[in-house]
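One structure is given here, and the rest of the page talks about it.
Read the figures in this text as sums done on the coordinates, not as results from a lab. Here the structure is a predicted model, which is why all the values come from computation and not from measurement. All Cβ positions, even for glycine, are placed from backbone atoms using ideal geometry, and neighbour counts span all protein chains on display.
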């Protein structure tokens, strides 16, 4: 059984300006110990999916309209806030995008790490601080700095503290929402490597949300490409990177400069992400798709499994697939 | 390792903040001034050369001299003694009424801002109704309803300051609650009470502390106005505002009757403001150099 299974998850925001369809029928599974990369442009619904799993979608205006979030066979969408509080931090943890604002400025980092521990484990204050010190050492910060405030740390160090908080109760699933976006490139590599090591040591599964395919290539086992609230292609790292089958995925790869080839110009994907309040009829990528056929704008394509574990939401994947092989 | 970590934590909590405050020379001056005031006022039965209601018509309306440090009033009462005794009433009213305002206004403001929606609408409209009445008139009507006396004056002044504190707290909390660390603490399983008390409250205190230190000063003057129209402190009990208004009619010929109580009020307000600024700088780690 998979640790986490999202089945047909749909999350909408009901605002005065209309219904924002952030996540539409998303299906995704995360096995024990696996790292799944969730890749997509800004506004693709990645963060909403993450908040949905934690049952933290701001309500109002957000609402999980339909679908199931099966965590170890239990549907998190049906749990009440009290039950969810036990799960958050202990079973499922989240790392936020910006470490500068994800820590409380008036509490010491020791206080903040100890807080999670004390919330979920029956430990005395002193024991919780001892454990917090261990966590700090584990992310590579000397435990003497337990009594310091967030502003006394650099950005990369703060992200380490955030990671220490997230992992303090050894959760089974870690959701990392663009954990390295706010960091320098040099620090990015360090933090990613550390997250990977810790994940392996603790046997934690991870959902890594990012828009950086390079980060995905370094860390993930499985990849899911998200577009306008849907997963358009998913599969193993190899499936996505070497046997690209969806036109959108292909477009993403073509937008990255290659070291091997001498390209004068990149081929960006034309147009913009559709307004989530009025998604196009049929396939939501069709207005931007270079392979578009008449039928695309009429009906929503089915998801097909083109190889074991490799799913594509495009009936014309063969065209894309062939082109990719030529490269 | 852990022992060391624990002790370094303790130091940073208490001692470091105290240190930061002590570095601010003006704030320390303010604190010393206020402590001196409180000591003088607290020890008034020992220090005051005369009783606060001791009348002596032979020395009525005397200018300051060695026998009467701040002169005497129209009934020959020693103004210096009356200032000392009056300070007890004034300072108590100032501090306790601000406490009442902070507690009621603060909890209303925090709840409104944190929960938002219908809770906020209802609570803030109630505050708006309170705000529509000028605070001095509100205090007058409360005092008139409850009757005069020190306790009722404190309640009246406290209630009339609720809207201010509710507003200050609300705006501070609104800007805090959308910060990512609040979401982060929710994501590790913290409940509403914990988030409010441990994360939001300490972060929104900085503007409130400054407001409260000014508020003590304002409460002292509001209480004085109440005494002036005969609703607050009843004669012969001395109170700084009452002393001021009592000497008002003699201001042309005997200015010492209002100048000295005025100086007492001014020094207290100054001390409180200096302390407020110093506290804000010390308590807020974001302002650390």
5 Å binning of all Cα-Cα separations within region A:138-275, expressed as whole percents from 0 upward: 2, 8, 16, 18, 17, 15, 10, 7, 5, 2, 0
Three semi-axes of the equivalent ellipsoid, region B:127-268, Cα gyration tensor, whole Å, largest first: 40, 17, 11
Angstrom value of the Kirkwood radius, inverse mean 1/r, which spans all Cα pairs in chain A: 20.9 Å
Helix-only [θ]222 nm of the protein assembly as shown, DSSP H runs n ≥ 4, -39500 (n - 2.57) each, per residue, nearest 500: -15500 deg cm²/dmol
Mean shadow area of region A:8-47, taken as a quarter of the surface of its Cα convex hull (nm²): 3.5 nm²
0 to 90° range, to nearest 10: angle between helix A:125-138 axis and chain A longest Cα axis: 50 degrees
Cα long-axis angle, helix A:155-167 against chain A (0 to 90 degrees, to the nearest 10): 80 degrees
Cα-only radius of gyration and Dmax that characterise region A:249-326, units Å: 14.2, 40
P(r) of region B:196-289 over all Cα-Cα pairs, binned every 5 Å from zero, in whole percent: 3, 13, 17, 16, 14, 10, 9, 8, 6, 3, 1, 0
Inter-chain shielding of A:139-151 (mean C-beta neighbours from other protein chains, 10 Å cut-off): 4
q = 0.12 Å⁻¹, the protein assembly as shown: log10 I(q)/I(0) [Debye, one scatterer per Cα]: -1.17
FRET E, pair residue B:192, residue B:69, Förster distance 60 Å, beta-carbon r, rounded to 0.05: 0.60
Viscosity 0.692 mPa s, temperature 37 °C, Stokes-Einstein D of region A:232-294 from Kirkwood C-alpha radius, µm²/s: 245 µm²/s
Beta bridge orientation in the protein assembly as shown: antiparallel %, DSSP, nearest 5: 60 percent
Ascending count of other beta-carbon atoms within 10 Å, so fewest first, for A:53, A:92, B:229: B:229, A:53, A:92
Computed over region A:1-82, Kirkwood Rh from alpha-carbon pairs, angstrom: 13.1 Å
Angle in degrees between helix A:185-202 and the longest Cα principal axis of chain A, rounded to the nearest 10: 70 degrees
Column: log10 I(q)/I(0), Debye, Cα scatterers of chain B, q = 0.09, 0.13 Å⁻¹: -0.54, -0.96
Region B:125-169: radius of gyration over Cα atoms, expressed as a fraction of 2.2 N^0.38 Å: 1.13
